[in-house]
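Derivation of every value follows stated rules applied to the coordinates shown; laboratory data play no part. All figures in this text were calculated on a predicted structure; none of them were measured in a lab. Here Cβ is always computed from backbone atoms with ideal geometry, including for glycine, and neighbour counts include all displayed protein chains.
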Amino acid sequence: MKKDKKAVEEKEMFGTTIVRTLGHIMLGSIFIHGGVDTLRKPASRIAVVEKAGLPMAKESVALNATVMAVAGTTLSLGIFRKLSSLALMGTLIPTTLTAYPFWKKDLEKNARDMHLIGFVRNVALFGGLILAFLEK
């Protein structure tokens with residue numbers, strides 16, 4: 001009986017490991033894609049940062065994109081999971097506040113709706129990163 005219970009527990013652990021690995025790959029993929037895309041075509045992101053009045057827009061965008069691409073890759077590969085999650089959380093906060101200011105009064109309804117969607121999506125991603133960080 002004890003042997004059967006151990007076999008079931010091992011099978012459940014194996015299944016959980018697969019699901020977690022797939023989850024990390026899926027979560028990391030959006031950061032890999034976004035980081036690489038920004039490094040290839042940074043102009044629109046630089047314009048957003050400049051419009052927000054932040055200094056060193058070109059350098060900030062390049063650094064943010066590089067961290068996203070590298071940490072997204074390491075998270076997906078299961079390397080430095082906690083550090084990767086923290087790094088991605090650190091990039092997500094300024095990205096979200098700069099790119100999706102839905103609270104601004106001068107926005108048209110469509111622009112406000114699009115900003116709100118992006119903001120809420122990034123909040124959800126942040127939640128996923130918290131879960132990845134807290135895993136044992």
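Figures for the structure shown
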item: Every pair of residues 6+ apart whose Cβ atoms lie under 8 Å, when the first sits in the range 54-68 and is closer than 14 Å to Thr91 by Cβ while the second is among the aromatic types (Phe, Trp, Tyr); result: Met68/Phe31
item: Residues satisfying the stated conditions in the range 52-84, i.e. small (Gly, Ala, Ser), assigned to a helix (DSSP H, G or I) and more than 15 Å from the chain's Cα centre (by Cα); result: Ala57, Ser60, Ala62
item: Test result for Val120, in contact with a helix residue (DSSP H, G or I) (Cβ under 9 Å, 6 or more places away or on another chain), β-branched (Val, Ile, Thr) and free of Cβ contacts under 8 Å to residues at least 60 places away in the same chain; result: no
item: Residue within the range 85-96 that is buried (at least 18 other Cβ atoms within 10 Å of the Cβ), free of Cβ contacts under 8 Å to residues at least 60 places away in the same chain, within 15 Å of Arg20 (Cα to Cα) and of a type in the set (Gly, Ala, Ser) present; result: yes
